[in-house]
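Bear in mind that the values in this text are calculations on the coordinates, not laboratory data. Because the structure is a prediction, the values reported are computed rather than measured. Heads up, the Cβs are rebuilt from the backbone with ideal geometry, glycines too, and the neighbour counts pull from every protein chain shown.
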Amino acid sequence: MSTAVRTRTRDPRLILNQVGERVPRLVTDVGVPDLWEREVRLLLRDSVAVRSLAERILGQGVAYLITAMENPGTDMGVGYTVDIGVHQLILDTPLYFALCEEYNGGVYKHHAPLIERRRDGTVMRTAEIIRRNGFAVDEELWSVDASDCSPCDDKVPDSH
């Protein structure tokens, strides 16, 4: 008999669509089937030219934010590319508040970026933290900015 333990990878698309039920003020009747599609189309509208890349960036943004919320006080940071997805989620404030409610104990998780980027390996350490938190890591998106972290100010309470 095998004693292998099957692990399940957390799905950012599923997470986003499930939290959508907690976003009563979000306008959803705009011709998109779900919240994931809404956010992908917003990325395509504003900052990413290719759909497959928009989906990858959004997925890693979701994975980062959920991991940051579930691991308070952990030194984490993303590179420029994944940060595009993080910012998309934060800018859609009804959605971001719902994520904070669901994954951060109902407390708003501040986003307080520092001006200077860090070049100390934080990006790849963060990718490993995300992996340990049950998410698949898109190695290409994390390694492209591996030496150029866009960190948040750890002096701001509950910031990422």
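Brief remarks on what is shown
- For the pair residue 118 and residue 18 in one chain, pulling the backbone fully straight at 0.36 nm per residue adds 32.6 nm over the alpha carbon distance.
- Debye-formula intensities of the range 6-141, expressed as log10 I(q)/I(0) at q = 0.13, 0.16, 0.19 Å⁻¹, are -0.53, -0.81, -1.16 (one equal scatterer per alpha-carbon, no solvent).
- Averaged over residues, the count of other Cβ atoms within 10 Å places the peptides 15-23, 69-77 in the sequence 15-23, 69-77, highest first.
- Computed packing ranks the peptides 98-111, 117-130 as 117-130, 98-111, most packed first, by mean other Cβ atoms within 10 Å.
- Within the shell defined by Cβ-Cβ distances under 12 Å, the residues around residue 134 carry a net charge of +2, with Lys and Arg each +1 and Asp and Glu each -1.
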